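The structure under discussion appears below in the form of structure tokens.
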Amino acid sequence: MDKLLKYINNLAGPAKYSFATQCGTSIGYLRKAVSKGSLLSPALCVLIEKHSNMQVTRKDLRPNDWQDNWPELVKAA
């Protein structure tokens, strides 16, 4: 989750909101999830990975169970 926060913080003002919108959520939700250590849904993790151009990956966001959600990544690893 630290990687997500760092990514968001490095975006320019309007780009932050554009990123969140592309992911179907808000900057407020993402910041709150990071601060609380919330588990993001698999669908949101995929969108974050896609719209961050792989700078924040599904593995980064779900380090303890990514292989359960995306078994195809196990074969690639």
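The values are calculated or read from the model by the stated rules, or taken from the named source; none is laboratory data. From a predicted model like this one, the values you see are computed outputs, not experimental measurements. Cβ placement follows ideal geometry from the backbone for every residue including glycine, while neighbour counts extend to all protein chains displayed. Just so you know, the surface numbers come from the protein's heavy atoms only, side chains and all, with ligands and any DNA or RNA stripped out. Shrake-Rupley method; radii C 1.70, N 1.55, O 1.52, S 1.80 Å.
In contact with a Lys or Arg (Cβ under 6 Å, 6 or more places away or on another chain) and in a helix (DSSP H, G or I) - does that describe any residue in region 20-32? Checking region 20-32: at least one residue is in contact with a Lys or Arg (Cβ under 6 Å, 6 or more places away or on another chain) and in a helix (DSSP H, G or I).
Of the residues 7, 17, the single one that is hydroxyl-bearing (Ser, Thr, Tyr) and over 11 Å from the mean Cα position of the chain (by Cα) is 17.
Restricting attention to region 1-49, the residues that are open to solvent by 90 Å² or more (accessible area, probe 1.4 Å) and small (Gly, Ala, Ser) add up to 1.
Within region 20-61, the set of residues being hydrophobic (A, V, I, L, M, F, W, C) and either touching a His at 6+ places or on another chain (Cβ under 6 Å) or touching a residue at least 60 places away in the same chain (Cβ under 8 Å) (or both) comprises 23, 61. With the condition kept exactly as written, say whether any residue in region 50-58 is modelled with pLDDT under 95, assigned to a helix (DSSP H, G or I) and open to solvent by 40 Å² or more (accessible area, probe 1.4 Å). No, region 50-58 contains no residue that is modelled with pLDDT under 95, assigned to a helix (DSSP H, G or I) and open to solvent by 40 Å² or more (accessible area, probe 1.4 Å).
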